[in-house]
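Peer 1: Attaching a single structure in structure tokens format; questions to follow.
The values are calculated or read from the model by the stated rules, or taken from the named source; none is laboratory data. Source: prediction; values computed, not measured. Every residue, glycine among them, receives a Cβ derived from its backbone with ideal geometry; neighbour counts consider all protein chains shown. For accessibility, only protein heavy atoms count, side chains too; no ligands or nucleic acids. Shrake-Rupley method; radii C 1.70, N 1.55, O 1.52, S 1.80 Å.
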Amino acid sequence: MTSLVRHITIDCADAYELGGFWAEVLGAPLSREDAPGDPEALVEAPGAALLFISVPEPKNTKNRLHLDIQPRDRTRDEEVERLLGLGATLVADHRRPNGRGWATLADPEGNEFCVECGAAERASLTGTRLPVTADDVTTAVRLAVDALRQSPMDDWLVPAGSLEWNCWETAEHLSDDLFSYATQLGPRRPALETYVPYRWEATREGGPLNAIFADRSAGPGGLLQTLEASGALLAAMVRTASPEVRSYHSYGVSDPEGFAAMGIVETLVHTQDLAASLEIAWAPPADLCDRVLARLFPDAPKDADRWAVLLWATGRAELPGRSRVTSWKWHSAPLVEPGRE
């Protein structure tokens, strides 16, 4: 048996005030149980929460332990300016002219922490691709569910685009795909030659083979709930599985990032299959499309609209200057990327 880090605990003079600063830094809430003047304050950050405890002793030396943070939606330098505006101070500047390095800041009570480049900025600086993550799975599924909920159609038994399945079956198949990819990462020793042996069956001749099915009496709302739940399962498995895990897929043994990318592609293109029939607009973010293309279709054109390229790569649309794709497979095996940091 092993242990997990529950909190990172920081002694301070005013727990609630310092907790409020770090809540702004991390975009995470303070516990609803905390109030000004309380001796403790908890910042409920994902992963390990930060627990601040008021103590009478002042800080009088450099911390032996500090936090390194990375911005998710801005550059390192933009994040440094934001944090200075929140009340941090610059302690040491280790940023280099080529964009590498970090800045050491201190919070309002003098606790040092460092600001590094985020994943996107690091990938740009090093010339490497940006990895597909569990957060990307969550984003894709939530965007799809939110779009599908806008459908004015009550009848989900109409054909889904050019597929031989109806809209209910297609959404149910998508939910099953996400569930299946999550379970491939679950066993302590994932199989490399076969899928996890659930029982797969179709409800009609020509329908999709599924291991899980939505309750028809729950209607489209219930169906979308199963889709969101399956997406959450995949995101959780991708987030917690070791990057070294390998598991079977019929297109090649894959890793957690590969299963994340496959789940996202399934989500994006099957939502496209549903969109026209269910009278909804659907155009996923270009950066999300770009990341899954780089992981699963590394030879796809890089000079065209990313969503258009993904539709072309999966045989769903024409791409000017390219032959129509009539048979396709993604590259599920981990990519060989020498020198990647």
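Peer 1: Is it true that some residue in region 91-99 is modelled with pLDDT under 90, under 31 Å from the mean Cα position of the chain (by Cα) and closer than 13 Å to I8 by Cα?
Peer 2: No, region 91-99 contains no residue that is modelled with pLDDT under 90, under 31 Å from the mean Cα position of the chain (by Cα) and closer than 13 Å to I8 by Cα.
Peer 1: Further, regarding this structure: Quick check on my filter: what residues within region 266-284 are out of contact with any helix residue (DSSP H, G or I) (no Cβ under 8 Å at 6 or more places or on another chain) and without any contact (Cβ under 8 Å) to a residue 60 or more places away in the chain?
Peer 2: none
Peer 1: Let me ask something additional. List every residue pair whose Cβ atoms lie under 7 Å apart, where the two residues are 6 or more positions apart in sequence or sit on different chains, the first residue falls within region 82-97 and is of a type outside the set (K, R), and the second residue, located anywhere, is open to solvent by 70 Å² or more (accessible area, probe 1.4 Å) and part of a helix (DSSP H, G or I).
Peer 2: From region 82-97, the pairs are L86/E24.
Peer 1: Just the residues that are hydrophobic (A, V, I, L, M, F, W, C) and either part of a loop (DSSP other than H, G, I, E, B) or open to solvent by 50 Å² or more (accessible area, probe 1.4 Å) (or both), please, taken from region 48-64.
Peer 2: A48, V55
Peer 1: Here's another thing I want to ask about it. Of all residues being under 16 Å from G263 (Cβ atoms) and free of Cβ contacts under 8 Å to residues at least 40 places away in the same chain in region 293-312, which is surrounded by the most Cβ atoms within 10 Å (Cβ to Cβ)? Just the residue, please.
Peer 2: L296
Peer 1: Here's a follow-up. Counting only residues that are open to solvent by 60 Å² or more (accessible area, probe 1.4 Å) and at pLDDT below 90, how many does region 121-139 have?
Peer 2: 4
Rundown of residues vs (1) surrounded by 15 or more Cβ atoms within 10 Å (Cβ to Cβ); (2) in contact with a strand residue (DSSP E or B) (Cβ under 8 Å, 6 or more places away or on another chain); (3) within 20 Å of D135 (Cβ to Cβ), yes/no style:
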position: W156; (1), (2), (3): yes, yes, no
position: W165; (1), (2), (3): yes, yes, no
position: H173; (1), (2), (3): yes, yes, no
position: T183; (1), (2), (3): yes, no, no
position: A191; (1), (2), (3): no, yes, no
position: A202; (1), (2), (3): no, yes, no
position: T226; (1), (2), (3): yes, no, no
position: S230; (1), (2), (3): yes, no, yes
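Peer 1: Evaluate region 204-216: report whether one residue or more is among the acidic types (D, E), at pLDDT 95 or above and either part of a helix (DSSP H, G or I) or surrounded by 17 or more Cβ atoms within 10 Å (Cβ to Cβ) (or both).
Peer 2: No, region 204-216 contains no residue that is among the acidic types (D, E), at pLDDT 95 or above and either part of a helix (DSSP H, G or I) or surrounded by 17 or more Cβ atoms within 10 Å (Cβ to Cβ) (or both).
Peer 1: Related question: Among the residues of region 85-115, which ones are closer than 19 Å to S54 by Cα and open to solvent by 70 Å² or more (accessible area, probe 1.4 Å)?
Peer 2: Matches in region 85-115: P108 only.
Peer 1: Which count do you get for residues in region 152-174 that are in a loop (DSSP other than H, G, I, E, B) and touching an Asp or Glu at 6+ places or on another chain (Cβ under 7 Å)?
Peer 2: 5
Peer 1: Looking at region 18-30, is at least one residue modelled with pLDDT under 95, out of contact with any Gly (no Cβ under 8 Å at 6 or more places or on another chain) and more than 21 Å from L84 (Cβ to Cβ)?
Peer 2: Checking region 18-30: at least one residue is modelled with pLDDT under 95, out of contact with any Gly (no Cβ under 8 Å at 6 or more places or on another chain) and more than 21 Å from L84 (Cβ to Cβ).
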